[in-house]
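Here's the structure, in C-alpha cells; my notes come after.
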Amino acid sequence: MIIADKKPIEEIIEAIKDYKKILILGCNECVTVCEAGGKKEVEILASALRMYFLNQSKDVKIDEKTLERQCDHEYLEEIRNTVENYDSILSLACGVGVQFTAEKYHSTPVFPGVNTCFLGATEERGVWVERCQACGKCILASTGGICPVSRCAKRILNGPCGGSSKGKCEINKDLACAWQLIIDRLKALGKLDEYEKITPIKDWSTDRAGGPRKVIREDVKQ
Amino acid sequence: MTLKSKLEAGNFAILAEIDPPKGVDVSMMINNAMKVKGDVDAFIVPEMSSAVMRMSALGGAMILQSKGMETVMQVCCRDRNQLALQADILAAYSCGIKNIMALTGDSPTIGDHSQAKGVYNITLLELIHTIKILQTGRDMAGIELTGKPEFLVGSTVNAGLKGNDLEVELEEMNKKVEEGTKFFITPPLFSIESIESFLNVVDHRKTKIIPTVLLLKSVGMARYMNRNMNHIHVPEDMIMRIQKAADKKAECVLIANQIIKNFKEEGFSGVNISTIGWEDKLPEIIKGI
C-alpha cells in the first residue's frame, strides 16, 4: 500500500490560513491503514484546526468527509454537488488522490494534508517500512523475494557492496543489508546458484526515466 | 581578447558549437576547430546534446583549451547529482575553462541510451545558483573551498516563444540574470521577425542575447524542422533559395553567412554557429563577419 505521514499542522495552517470554508477530505484506503488520512485522522485534524481558528478569532467553517477512494472518478463524484460550498479542500489522501481531486474540481484549490512517503507494509502498529519502488520491471523472482531496488541504499543489483558489515548497511547500523537478506533467503531456499548469476544493467525506462508512466490494458478497457 | 572582455566591451562575439567525438579520436574535432582558431572567439562544447552519449564537455573543452582555444563548457542537470556537478565545475575552472553555460539537458528517453535514468537532482536555476555559490568560495553545503572559481556564466533562452509561454520564459530569464547569468543562447533562429514578440520586451542591445545560427544542410532538413520543431521557423523564401541553387551546399553556407551579418547589423551581442557535422564549413560561414 501507499504509506503516508501526517504533515506538521503548522505547514497545513500556513497553506489554508486565508480560506474560510474548508472541506477536509479523507480517504478510506491506504492512508486509513497507515493512520495518516482516514476518517479518524480527518476528525482529529478538523478539531485541531477549529481550535486554532477559534483562538485566532477567525470564523472558518471546517467540514469533514471521507471517501472510499480519492483515486477513482466514481467516488470523487460524491462531492460534486457540495464542492461549491467550499473555497478549498484539504485532502488527506496520498499524492495521487490530491491530484485526482484537483483535476476533477478545477476551480477549487486542493491542498495536501499528508506527505506521501513510499510503497510499503505495516511491520508493527505504528511502524511502516518500504518494500517497493514501483520500478516497472520486477526482479523479485531472482532475488529470493527481497527487493534490492527499494531496500538497498545504493539500489545495486549485484550486491552486496563493500559497505555491508555484519549484515548491516553502511548508512545506518540498524538497517539490514538487503543483499545479506537476499543471500540468506536464497540459501534457505537452496537457490544460491541464483546469486551467482550476474544481473544485467537495469532498464530504467520503465521507472521514472521514461517520464510519467501509464498502464493500458486493452482487455479491461471500456 | 577573451569572450568575457569582448562581450563586456560590446563587441560582436562569434561562438561555434563543436561536439566532442563519440569515441576517443579527437583529431577531427581539433582539426575543425584549428581551421577557425583566431576567427572564433570561443567554442561551445555541448554536454551530450540530444542525450546521445559521447565524450564529455569537460573532456572536449580541456582538449581545445590545451590547443590554445577558448571554450564555453556546457553543464547540464541530466547526468550528475550535486556532488558530481560541483566537482566537475571546480575541475573545469582549474583546467583553464573560464566560461560555462548551464542547461537542463534533454531527457535520456530521446537519446541513444533510453534505458538510462535521468538524474535531475537539481533544476537549471539551482544549477546556476550553485555556480554562483561556488564563486563565493563555498560549496552547496556551505563549506569553504580552497580558492574560488570565476566564470562567465551563460544559459539558454527560447526567444521564439509567444504569449503565456513567453511570459514564463521571461520570468525564468530574469531569475537567471539575478543568479549571475551574463549571456543567453537562443535556439536556431533564421530571421529576426521570428522573435519579434521577444524583442518587444527584451532589449537585445542591453541583454547579451546570442542567437544560434544553424547551418541548413538541405531543403528536407528545413522542411523537417518547420514540421516537427516547435518555435523554429525557416522562412519559405530561404527554402526556395536552396531548392533553386545549383550548388545547394554553397547556398546553405551563404545563407548562414548572411543571417550572421544580419544579426550583427541588428546589434546582437554575437552568434552561436551550429554546423552539426559540417564544422569544416566554418571558415566560409564566418567569412567577412
Counting only residues 5 or more places away or on other chains, whose amide H sits under 5 Å from the amide H of A:CYS117 once H atoms are built in the peptide plane? A:ILE3, A:ALA4, A:ASP5
Note every residue of the stretch A:164-206 with a reduction of at least 30 square angstrom in accessible area, all protein chains present versus the isolated chain, computed with a 1.4 Å probe, or write none. A:ASP203, A:TRP204
Check: the stretch A:133-209 dipole with +1 on Lys, Arg Cβ and -1 on Asp, Glu Cβ, in debye: 160
Using the Cβ atoms and a cut-off under 10 Å, what net charge is assigned to the surroundings of B:ALA87, where Lys and Arg are +1 and Asp and Glu are -1? -1
Losing no less than 50 Å² of accessible area (probe 1.4 Å) relative to the isolated chain, the residues of the stretch B:102-116 are B:GLN115
Could you calculate the contour length gain from B:SER218 to B:ILE289, that is, 0.36 nm times the residue separation minus the distance between their Cα atoms, to one decimal place in nm? 23.2 nm
Collect residues whose amide H, placed 1.01 Å from N in the peptide plane, falls under 5 Å from the amide H of A:VAL110; neighbours closer than 5 in sequence don't count. A:ILE89
Those lysines that a straight Cα-Cα span of less than 18 Å connects to B:LYS175, excepting residues fewer than 8 apart in one chain: B:LYS132, B:LYS206, B:LYS208
Tell me, what ³J(HN,Hα) does each residue in the stretch A:158-170 have, in order and in whole Hz, if you take phi through Karplus 6.51 cos²θ - 1.76 cosθ + 1.60 with θ = phi - 60° and put x for Gly and Pro? 10, x, x, 8, x, x, 7, 9, 6, x, 10, 8, 5
Excluding ligands and nucleic acids, what accessible area in Å² is computed for B:LEU58 using a 1.4 Å probe, to the nearest 10? 30
Label points 7 Å out from Cα along the Cβ direction at B:THR123 and B:ALA245: separation in nm? 4.2
Taking a cut-off of 19 Å between Cα atoms, list the lysines near A:LYS137, but don't count ones fewer than 8 places away on the same chain. A:LYS154, A:LYS197, A:LYS202, A:LYS214, B:LYS117
Collect residues whose amide H, placed 1.01 Å from N in the peptide plane, falls under 5 Å from the amide H of A:LYS21; neighbours closer than 5 in sequence don't count. A:LYS61, A:ASP87, A:SER88
Provide the per-residue ³J(HN,Hα) series for the stretch B:198-210, in order, calculated from phi with Karplus coefficients 6.51, -1.76, 1.60 and θ = phi - 60°, each as a whole number of Hz, with x at glycine and proline positions. 5, 5, 5, 10, 10, 8, 6, 8, 9, 7, 6, 9, 10
On a 0 to 90 degree scale, rounded to 10, what angle separates helix A:39-55 from the longest Cα axis of chain A? 50
Taking only DSSP H segments of four or more residues, each worth -39500 (n - 2.57), what value at 222 nm results for chain B once the sum is divided by all its residues, to the nearest 500 deg cm²/dmol? -11500 deg cm²/dmol
Tell me, what HN-Hα J-couplings in whole Hz come from the Karplus equation 6.51 cos²θ - 1.76 cosθ + 1.60 at θ = phi - 60° for each residue of the stretch B:100-115, using x for Gly and Pro? 9, 10, 9, 9, 7, x, 5, 5, x, 3, 8, x, 9, 10, 5, 8
The stretch A:1-67 - percent of accessible surface contributed by carbon and sulfur, probe 1.4 Å: 51
If you keep only loop residues by DSSP, which trypsin sites (Lys or Arg not before Pro) in the stretch A:141-222 have at most 10 other Cβ atoms within 10 Å of their Cβ? A:LYS166, A:LYS197, A:LYS214, A:ARG217, A:LYS221
Would you calculate a helix-derived [θ] at 222 nm for chain A, using -39,500 (n - 2.57) for each DSSP H run of n ≥ 4 and dividing by the full residue count, to the nearest 500? -7500 deg cm²/dmol
With a sphere of radius 14 Å drawn around the Cβ of B:ILE133, what net charge do the other residues whose Cβ falls strictly inside it have (Lys, Arg +1; Asp, Glu -1)? -3
Of A:SER150, A:ILE182, A:GLY136, which is farthest towards the positive pole of the stretch A:133-209's charge dipole, taken about the Cα centre with +1 and -1 on the beta-carbons of Lys, Arg and Asp, Glu respectively? A:SER150
Return the value, in Å² to the nearest 100, of accessible area buried between chains B and A (probe 1.4 Å, both sides summed). 500
Between the stretch B:107-160 and the stretch B:84-102, the alpha-carbon center distance in angstrom: 10
Could you work out the local net charge near B:ALA116, counting Lys and Arg as +1, Asp and Glu as -1, over the other residues with Cβ closer than 15 Å to its Cβ? +2
Compare A:GLY120, A:GLY167, A:GLY190 in a GNM of chain A, Cα atoms joined below 10 Å, and give the one with the largest fluctuation. A:GLY190
Cα centroid separation - the stretch A:93-107 against the stretch A:16-49, whole Å: 14
Across bins of 20 angstrom width beginning at 0, how are the C-alpha pair distances of the protein assembly as shown distributed, in whole percent? 18, 40, 34, 8, 0
With a probe of 1.4 Å, find how much accessible area the protein assembly as shown has per residue, and write the answer as a whole number in Å². 52
Give me the percent of accessible area attributable to carbon and sulfur for chain B, probe 1.4 angstrom. 51
Convex hull volume of the Cα atoms in the stretch A:107-222, per residue, in Å³? 209
Mind checking the angle between helix A:95-104 and chain A's longest principal axis? C-alpha axes, 0 to 90 degrees, to the nearest 10. 40
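The values are calculated or read from the model by the stated rules, or taken from the named source; none is laboratory data. The model shown is predicted, which means the values in this text are computed figures rather than measured ones. Cβ coordinates were reconstructed from backbone atoms using ideal geometry, including for glycine residues, and neighbour counts include every protein chain displayed. Heads up: the accessible areas ignore ligands, DNA and RNA and are worked out on the full protein's heavy atoms, side chains in. Shrake-Rupley method; radii C 1.70, N 1.55, O 1.52, S 1.80 Å.
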